[in-house]
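Remarks on the structure that follows.
The values are calculated or read from the model by the stated rules, or taken from the named source; none is laboratory data. Keep in mind the model is a prediction, meaning the values are calculated, not measured. Cβ atoms come from the backbone with ideal geometry, glycine included; neighbour counts cover every protein chain shown. Heads up: the accessible areas ignore ligands, DNA and RNA and are worked out on the full protein's heavy atoms, side chains in. Shrake-Rupley method; radii C 1.70, N 1.55, O 1.52, S 1.80 Å.
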Amino acid sequence: MAVAVGRPSNEELRNLSLSGHVGFDSLPDQLVNKSTSQGFCFNILCVGETGIGKSTLMDTLFNTKFESDPATHNEPGVRLKARSYELQESNVRLKLTIVDTVGFGDQINKDDSYKPIVEYIDAQFEAYLQEELKIKRSLFNYHDTRIHACLYFIAPTGHSLKSLDLVTMKKLDSKVNIIPIIAKADTIAKNELHKFKSKIMSELVSNGVQIYQFPTDEETVAEINATMSVHLPFAVVGSTEEVKIGNKMAKARQYPWGVVQVENENHCDFVKLREMLIRVNMEDLREQTHTRHYELYRRCKLEEMGFKDTDPDSKPFSLQETYEAKRNEFLGELQKKEEEMRQMFVMRVKEKEAELKEAEKELHEKFDLLKRTHQEEKKKVEDKKKELEEEVNNFQKKKAAAQLLQTQAQQSGAQQTKKDKDKKN
Amino acid sequence: MSTGLRYKSKLATPAEDKQDIDKQYVGFATLPNQVHRKSVKKGFDFTLMVAGESGLGKSTLVHSLFLTDLYKDRKLLSAEERISQTVEILKHTVDIEEKGVKLKLTIVDTPGFGDAVNNSECWKPITDYVDQQFEQYFRDESGLNRKNIQDNRVHCCLYFISPFGHGLRPVDVGFMKALHEKVNIVPLIAKADCLVPSEIRKLKERIREEIDKFGIHVYQFPECDSDEDEDFKQQDRELKESAPFAVIGSNTVVEAKGQRVRGRLYPWGIVEVENQAHCDFVKLRNMLIRTHMHDLKDVTCDVHYENYRAHCIQQMTSKLTQDNRMESPIPILPLPTPDAETEKLIRMKDEELRRMQEMLQKMKQQMQDQ
């Protein structure tokens, strides 16, 4: 990418006239040769609801069949799918990347639908920024993935933009070149088309959405760009099928009531879109992406990180000094945090220790209490045992006395019967 | 019209049997004629709801169907205003007459459906409206004076599916599932002039598959009797095979092949709304107005309303038994239903009481354990 070199304003330049042919008029050709041998790269982002015709339009624009399966309506969120292709036309090689928004507009709650898209665009800018900030960098063969053009597909309702379209375009207009197009335009009758287009443009203007302006500063393309701008947004029809019209085959859609020809300017604005997007302004789109959108991103990002262009003494800061200062600051903070964590850890340990000590004390007390009660019980049991033994002794004595009495009684009884017997005899 | 002619032809008898039949002729074969006369005198009413995202041609289609302009002073919102728009319910009623038959037609419009960025539960105002109409009819029917009941129940809902997608979207599925047990849903593919015939066929198949997959009960055309003539049966079969109908509407009359027709003028041709090869508008019109209008009303009264009524009564009786009142052996007269707010309050208080009781029990248990 060429960087603009500034000229100090206090020097005066003198215009000299040449007295012969020097030959530096071949510089543009040298540049062209170099770029051609390097190859070009172009990245398009297609934003639109499922089924609106994004893949078909890409196929029609680039005259090839990019393989892709149609998405379902049941995606839980929006995700971006990027595919890269290598195309060649005469001796010019183009590395084309097409990024699709899968699942856009399908969810019931679309509040967050724009977020994945913005994140993707920012990620590409970030990757380029990282490459730029590297010490050993290789920008000349860096595969540039920044989005150069965003084709926003508007559904042909015939009334106005949808609320989701407005919200999304407002979030994207400062990050990417937006080119709004009306998809499936073969459903809008001629008289309704003009009204629809002006309604869309007025809504975009009244809401402050900045779409891509075709450049009118260069004389060669100013005229064509100006006439084309009047037809924005382009109402396009895409088709990969060919129908026989007259004696040639052309890309068209065959209806029972007629044939819509894609490349017929009376039927739709496809030819205008192709001219503007590819044949005339492709290079300008790439340049705008780099000089406007990327620079804006870079500035915001670096300001966030704390870099400024000039320090309080209004002397230009060097990137390295700022970086060192930031680094030290960061390390200091890290140390402080470590200290804090250590202190907290020590405090916690102390608390736990105190708790455990208390618990230990309680346990000791309980143990003493239990021991005492155990001894008391033991004494009681022994007392009771003694009592019981005494009673047993008493009982034995009584028993012995009773037995004695009984034997005595028996003896006397036996003597009595003996006496009776003697008497009888 | 064919229905009128059908029963008349059954009355015609060959001459030989006439004498026998004269002796046995009772005369109740004239009943259909009497019904016809009475119904013409009473007049008919029909309530049609149209639902779908804005920009799909709903008002244009209604205009083409009934050939009257119902939306004279309509204000369309801009995209900014629609970001957080809520769904409204608008009713337009017109009295139209044709050959002595009067029809009171009510179109219920749902502007704002599916237009906001966050469309969660955007069909709730619509289900509430349908339930309200059922409730009002229920109350009127159970009242003492039933002479002039106004029937505002929704008889049919035309749901417009966007032709720009690959099939049904989540918001379509959500809407149809919320309403399929309350209203007869007739799904339509709107703005069908952006699809070539092969694409229409694929989309119809896809939608039919998805309707089966998600278990949505759309309005089913009734089976025709076996003694109908072959022509009618053939028509009926074609009708069933072309659901969902792919329709195109138009407010303007254009000149095509020397005739003035309703259509849309394109640089590559003219789409005729009433040409069967171009779209299914004629089939829809025949089905909705000429043959199945009364069946739609019958299904609403016999199926959807009865379901609602049974559900309502069940809820009321279960509430009574919850309050431990005596179960009466005779069927309970439906009480005036309290409005939704007080019912909600009552339910909330019930929940709180239950929770407190549980807490008390837990505390008692804890105390016992200790």
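If the condition is being away from every other protein chain (no Cβ under 12 Å), open to solvent by less than 70 Å² (accessible area, probe 1.4 Å) and at pLDDT below 85, then region B:77-91 contributes only B:Val87.
Keeping to region A:70-82, report how many residues are assigned to a loop (DSSP other than H, G, I, E, B) and either over 16 Å from A:Gly53 (Cα atoms) or among the aromatic types (Phe, Trp, Tyr) (or both). Can you show your working first?
Of all residues in region A:70-82, those assigned to a loop (DSSP other than H, G, I, E, B) come to A:70-78.
Now narrow it down to the ones that are either over 16 Å from A:Gly53 (Cα atoms) or among the aromatic types (Phe, Trp, Tyr) (or both): A:74-78.
Qualifying residue count, region A:70-82: 5.
Have a look at A:Val92, A:Val167, A:Val78 and point out the one that is among the aliphatic types (A, V, I, L, M), in contact (Cβ under 8 Å) with a residue 12 or more places away in the chain and under 23 Å from A:Gln288 (Cβ atoms).
Numbers: A:Val167 fails: under 23 Å from A:Gln288 (Cβ atoms); A:Val78 fails: under 23 Å from A:Gln288 (Cβ atoms).
A:Val92 is the lone residue from the list that is among the aliphatic types (A, V, I, L, M), in contact (Cβ under 8 Å) with a residue 12 or more places away in the chain and under 23 Å from A:Gln288 (Cβ atoms).
Would region B:243-260 turn up any residue that is modelled with pLDDT under 85 and under 18 Å from the mean Cα position of the chain (by Cα)? Yes: one or more hits.
Just one of the listed residues (A:Lys175, A:Lys115) is of a type in the set (D, E, K, R), more than 21 Å from B:His166 (Cα to Cα) and either part of a helix (DSSP H, G or I) or within 14 Å of another protein chain (Cβ to nearest Cβ) (or both), and it is A:Lys115.
Can you tell me which residue in region B:260-274 is farthest from A:Pro256 (Cα to Cα), limited to those that are part of a loop (DSSP other than H, G, I, E, B) and at the interface with chain A (Cβ under 7 Å from one of its Cβ atoms)? Outline the logic, then answer.
Looking only at region B:260-274, we keep the residues that are part of a loop (DSSP other than H, G, I, E, B), and these are B:267-268, B:273-274.
From the residues that got through so far, the ones that are at the interface with chain A (Cβ under 7 Å from one of its Cβ atoms) too are B:267-268.
Working: B:Pro267: 14, B:Trp268: 11 Å.
For region B:260-274, the residue satisfying everything is B:Pro267.
Could you tell me whether region A:146-162 includes any residue that is within 7 Å of chain B (Cβ to nearest Cβ) and more than 22 Å from A:Asn207 (Cα to Cα)? For region A:146-162, residues within 7 Å of chain B (Cβ to nearest Cβ) and more than 22 Å from A:Asn207 (Cα to Cα): absent. Counting only residues that are in contact with a helix residue (DSSP H, G or I) (Cβ under 6 Å, 6 or more places away or on another chain) and either within 12 Å of another protein chain (Cβ to nearest Cβ) or modelled with pLDDT under 85 (or both), region A:255-294 holds 5 of them.
Here A:Glu67 qualifies as within 26 Å of A:Ala185 (Cα to Cα), open to solvent by 60 Å² or more (accessible area, probe 1.4 Å) and not in a strand (DSSP E or B). Of all residues in region A:163-177, those satisfying the criterion of being of a type in the set (D, E, K, R) and open to solvent by 40 Å² or more (accessible area, probe 1.4 Å) are A:Lys170, A:Lys171, A:Lys175.
Of all the numbered requirements in (1) at positive phi; (2) in a helix (DSSP H, G or I), B:Asp212 misses one, and that requirement is (1). Of the residues that make up region B:171-189, is at least one within 14 Å of chain A (Cβ to nearest Cβ), closer than 30 Å to A:Thr56 by Cβ, open to solvent by less than 30 Å² (accessible area, probe 1.4 Å) and outside any helix (DSSP H, G or I)? Among the residues of region B:171-189, at least one is within 14 Å of chain A (Cβ to nearest Cβ), closer than 30 Å to A:Thr56 by Cβ, open to solvent by less than 30 Å² (accessible area, probe 1.4 Å) and outside any helix (DSSP H, G or I), which makes the answer yes. Just a yes or no: is a residue in region A:180-202 outside any loop (DSSP other than H, G, I, E, B), within 14 Å of chain B (Cβ to nearest Cβ) and among the aromatic types (Phe, Trp, Tyr)? Scanning region A:180-202 turns up at least one residue that is outside any loop (DSSP other than H, G, I, E, B), within 14 Å of chain B (Cβ to nearest Cβ) and among the aromatic types (Phe, Trp, Tyr).
Given the criteria charged (D, E, K, R) and either touching a helix residue (DSSP H, G or I) at 6+ places or on another chain (Cβ under 8 Å) or at pLDDT below 80 (or both), does B:Asp95 qualify? Spelling it out, it is not the case that B:Asp95 is charged (D, E, K, R) and either touching a helix residue (DSSP H, G or I) at 6+ places or on another chain (Cβ under 8 Å) or at pLDDT below 80 (or both).
Do we have A:Ile135 as touching a residue at least 60 places away in the same chain (Cβ under 8 Å), of a type in the set (Val, Ile, Thr) and more than 11 Å from chain B (Cβ to nearest Cβ) here?
Details: touching a residue at least 60 places away in the same chain (Cβ under 8 Å): no; of a type in the set (Val, Ile, Thr): yes; more than 11 Å from chain B (Cβ to nearest Cβ): yes.
No.
Evaluating B:Val62 against the criteria (1) within 14 Å of another protein chain (Cβ to nearest Cβ); (2) surrounded by 16 or more Cβ atoms within 10 Å (Cβ to Cβ); (3) among the aliphatic types (A, V, I, L, M) leaves one unmet condition, (1).
Working only within region A:230-249, note down all residues that are in contact with a Leu (Cβ under 8 Å, 6 or more places away or on another chain) and either surrounded by fewer than 12 Cβ atoms within 10 Å (Cβ to Cβ) or part of a strand (DSSP E or B) (or both). Show your work before the answer.
Of all residues in region A:230-249, those in contact with a Leu (Cβ under 8 Å, 6 or more places away or on another chain) come to A:234-236, A:238.
Passing the criteria: A:Phe234, A:Ala235.
Just give me the residues in region A:34-58 being outside any loop (DSSP other than H, G, I, E, B) and open to solvent by less than 10 Å² (accessible area, probe 1.4 Å), in sequence order. Give the steps one after another, and end with the answer.
First, the residues of region A:34-58 that are outside any loop (DSSP other than H, G, I, E, B): A:34-38, A:40-47, A:54-58.
Scanning region A:34-58 gives A:Phe42, A:Asn43, A:Ile44, A:Leu45, A:Cys46, A:Val47, A:Leu57, A:Met58.
Taking B:Lys147, is it surrounded by fewer than 18 Cβ atoms within 10 Å (Cβ to Cβ), within 14 Å of chain A (Cβ to nearest Cβ) and out of contact with any strand residue (DSSP E or B) (no Cβ under 9 Å at 6 or more places or on another chain)? Considered against the rule, which asks whether it is surrounded by fewer than 18 Cβ atoms within 10 Å (Cβ to Cβ), within 14 Å of chain A (Cβ to nearest Cβ) and out of contact with any strand residue (DSSP E or B) (no Cβ under 9 Å at 6 or more places or on another chain), B:Lys147 comes out as no. Within region B:121-135, the set of residues being within 14 Å of chain A (Cβ to nearest Cβ) and open to solvent by less than 30 Å² (accessible area, probe 1.4 Å) comprises B:Cys122 only. I'd like the full set of residues that are in contact (Cβ under 8 Å) with a residue 12 or more places away in the chain and under 30 Å from A:Thr36 (Cβ atoms), limited to region A:107-131. Of everything in region A:107-131, those that are in contact (Cβ under 8 Å) with a residue 12 or more places away in the chain and under 30 Å from A:Thr36 (Cβ atoms) turn out to be A:Tyr120, A:Ile121, A:Gln124, A:Phe125, A:Glu126, A:Ala127, A:Tyr128, A:Leu129.
One line per residue, one yes/no per condition, for (1) in the same structural domain as A:Lys195 (by the TED database); (2) part of a strand (DSSP E or B); (3) loosely packed, with under 15 Cβ neighbours inside 10 Å:
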{"position": "A:Leu96", "(1), (2), (3)": "yes, yes, no"}
{"position": "A:Gly105", "(1), (2), (3)": "yes, no, no"}
{"position": "A:Glu119", "(1), (2), (3)": "yes, no, yes"}
{"position": "A:Ile135", "(1), (2), (3)": "yes, no, yes"}
{"position": "A:His159", "(1), (2), (3)": "yes, no, no"}
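Would it be correct to say that B:Thr30 is under 29 Å from B:Lys182 (Cα atoms) and either out of contact with any Phe, Trp or Tyr (no Cβ under 9 Å at 6 or more places or on another chain) or modelled with pLDDT of 75 or more (or both)?
Working: under 29 Å from B:Lys182 (Cα atoms): no; either out of contact with any Phe, Trp or Tyr (no Cβ under 9 Å at 6 or more places or on another chain) or modelled with pLDDT of 75 or more (or both): yes.
No, not satisfied.
Taking the criterion of being within 14 Å of another protein chain (Cβ to nearest Cβ) and under 20 Å from the mean Cα position of the chain (by Cα), the residues of region B:150-168 that qualify are B:Phe160, B:Ile161, B:Ser162, B:Leu168.
Between B:Phe113, B:Phe138, the distinction of being among the aromatic types (Phe, Trp, Tyr) and buried (at least 21 other Cβ atoms within 10 Å of the Cβ) belongs to B:Phe113 only.
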